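Shown next, in structure tokens, is the structure this report addresses.
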Amino acid sequence: MSKLGKKIINLPKESSIKIDGNKLTISGPKGSKELSINEKIFSSSINEKNEFQILPKDKKISKKDSVMWGTYRSLVDNAVKGVSEGHEKILEITGVGFRANLKGEMLNLQLGFSHDINFKIPKNIKMAVEKQTVIKITGVDKELVAKVSSDIKSLKPVEPYKGKGIKERNQFFIRKEGKKK
């Protein structure tokens, strides 16, 4: 039995889940998201207290199905949080002359290269640049927010000697000591 899969998902008042066979449509004030679950193995239901639960159809569940049970529950929980509150990542740029600007649908980054880098912002993502060194990425889909954040961080990873580069807020990285005389 999956410890995570057993947990009940409490739906906020403004959010709702529509079950149509194996398709789940989660909607809320921030937007909507569609997910699909394997209806041969799992059944989903909403009770009168506005709580959502995924349960296996068989009493005896294999190890693989137990893992998938927890995974489906986490995906639905992330979708519910996304449509009600939204997901957010904050990136910080460290380095002399390193800065970011928004130009329409493009994020313009100056990261110490001989040229500027233009990053195209996906449709379902909203970005805000604060103080030219802080980028705030928000969206409904947790996976897409994390992917965009990772793509931007990979443009200039943090180097270990001076700490220059792009990192997430509160991200820990190990600094190295430089040459000794």
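The values are calculated or read from the model by the stated rules, or taken from the named source; none is laboratory data. None of the values given here were measured: they were computed from a predicted structure. Note that each Cβ is placed from the backbone with ideal geometry, even for glycine, and that neighbours are counted across all protein chains shown.
Among the residues of the stretch 103-130, write down those that are touching a Lys or Arg at 6+ places or on another chain (Cβ under 9 Å) and outside any strand (DSSP E or B).
Hits for the stretch 103-130 are Glu105, Leu111, Gly112, Phe113, Pro122.
How many residues are part of a helix (DSSP H, G or I) and loosely packed, with under 13 Cβ neighbours inside 10 Å when one looks only at the stretch 153-173?
Total satisfying the criteria: 1.
Taking the criterion of being exposed (fewer than 14 other Cβ atoms within 10 Å of the Cβ), assigned to a loop (DSSP other than H, G, I, E, B) and either modelled with pLDDT under 90 or touching a strand residue (DSSP E or B) at 6+ places or on another chain (Cβ under 7 Å) (or both), would at least one residue in the stretch 88-102 satisfy it?
Looking through the stretch 88-102, at least one residue is exposed (fewer than 14 other Cβ atoms within 10 Å of the Cβ), assigned to a loop (DSSP other than H, G, I, E, B) and either modelled with pLDDT under 90 or touching a strand residue (DSSP E or B) at 6+ places or on another chain (Cβ under 7 Å) (or both).
Taking Val145 as meeting all but one of (1) free of Cβ contacts under 8 Å to residues at least 12 places away in the same chain; (2) in contact with a strand residue (DSSP E or B) (Cβ under 6 Å, 6 or more places away or on another chain); (3) closer than 20 Å to Ile26 by Cα, write down the number of the exception.
Just one mismatch for Val145, condition (1).
Is it true that Val67 is under 30 Å from Ile8 (Cβ atoms) and within 18 Å of the chain's Cα centre (by Cα)?
On the way: under 30 Å from Ile8 (Cβ atoms): yes; within 18 Å of the chain's Cα centre (by Cα): no.
No; evaluated as a whole, the condition is false for this residue.
Which pairs turn up if I take residues in the stretch 99-116 that are in the same structural domain as Lys153 (by TED's automatic domain parsing) and look for partners that are outside any loop (DSSP other than H, G, I, E, B) and exposed (fewer than 13 other Cβ atoms within 10 Å of the Cβ) with beta carbon separation below 7 Å, at least 6 apart in sequence or on another chain?
Glu105/Lys120; Met106/Asn118; Met106/Lys120; Asn108/Asn101; Asn108/Asn118
Just to be sure before I move on: is Val145 surrounded by 15 or more Cβ atoms within 10 Å (Cβ to Cβ) and closer than 18 Å to Gly86 by Cα in the structure I sent?
Criteria met by Val145.
Let me confirm something: among Phe42, Phe52, which residue is surrounded by 12 or more Cβ atoms within 10 Å (Cβ to Cβ), at pLDDT below 80, among the hydrophobic types (A, V, I, L, M, F, W, C) and under 16 Å from Leu4 (Cα atoms)?
Numbers: Phe52 fails: at pLDDT below 80.
Unique residue meeting the criteria: Phe42.
Of the numbered conditions (1) free of Cβ contacts under 8 Å to residues at least 24 places away in the same chain; (2) surrounded by 15 or more Cβ atoms within 10 Å (Cβ to Cβ), Ser62 satisfies every one except a single condition; which is it?
All conditions are met except number (2).
Regarding the stretch 83-102, can at least one residue be identified that is among the aromatic types (Phe, Trp, Tyr) and within 27 Å of Lys6 (Cβ to Cβ)?
No, the stretch 83-102 contains no residue that is among the aromatic types (Phe, Trp, Tyr) and within 27 Å of Lys6 (Cβ to Cβ).
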